[in-house]
1. For segment 46-136, state which chymotrypsin sites (Phe, Trp or Tyr not before Pro) are in a DSSP loop and have at most 14 other beta carbons lying within 10 Å of their beta carbon.
2. In segment 14-68, which GluC sites (Glu not before Pro) are in a loop and have at most 10 other Cβ atoms within 10 Å, using DSSP for the loop call?
3. Per 0.36 nm of contour for each residue apart, how much would the distance between Asp40 and Ser8 grow if the chain were fully extended, relative to their Cα-Cα spacing?
4. How would the chain be classified by its alpha-carbon gyration tensor: rounded, prolate or oblate, with rounded meaning a/c under 1.5 and the a/b versus b/c comparison settling the rest?
5. Cut-off 10 angstrom, C-alpha nodes, Gaussian network model of the chain. Which of Val79, Val11, Val58 fluctuates the most?
6. Karplus couplings for segment 35-41 from phi (6.51 cos²θ - 1.76 cosθ + 1.60, θ = phi - 60°), rounded to Hz, Gly and Pro as x?
7. Counting only other residues whose beta carbon sits under 14 Å from that of Phe51, what net charge do I get with K and R as +1, D and E as -1?
8. Give the range of the longest stretch in the chain that excludes all trypsin sites (Lys or Arg not before Pro) found in loop regions by DSSP and having at most 11 other beta-carbon atoms within 10 Å.
Amino acid sequence: MTDPEPKSVVVERDLAHPPERVWRALTQPHLLAEWLMRTDFEPRTGHSFSFTAEWGAVECKVMEIEPERRLAYSWGDGVLDTVVTWTLTPTKTGAHLRMEQTGFRRDQPRYLMGATAGWPRFFDNLEQVLARETAQ
């Protein structure tokens, strides 16, 4: 019997903010630190960076970048080896944001459960940052 395909986590939201504002929140380190984690991210293909929090760090590398449309980076900690892909689509009222984290192996249920619980909270934080940025 072969292992099933690796599992993924997908979160999608319609946001009442233009794509360029959402893109800034996805790519500017000071904004990423407000809604996701502290980081030394730079929006350029091949750039290696980290996300850090009280519990530890995640090592990443930019794999693909299409400004205001698509961003993909590896996401791992030495055991976990996944890819996070952000897709941004303009809408009449703002933007549709889709995040997919792929590559969870069957023997990594804690990572999968953590991502399933964590990403919706990060999206909530993102919406708060976007609302605050709009109000300024």
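1. Trp55
2. Hits after loop and neighbour filter: Glu54.
3. 9.0 nm
4. Judged from the Cα gyration tensor, the chain comes out prolate (a/c at least 1.5, a/b above b/c).
5. Result for the chain, Cα springs under 10 Å: Val79 fluctuates most.
6. So the Karplus estimates, Gly and Pro as x, are 10, 10, 7, 4, 7, 10, 4 Hz.
7. Every neighbour counted, the sum reads -4.
8. 45-91
Coordinate-derived values only; no laboratory data. Computed from a predicted structure; not experimentally measured. Cβ coordinates were reconstructed from backbone atoms using ideal geometry, including for glycine residues, and neighbour counts include every protein chain displayed.
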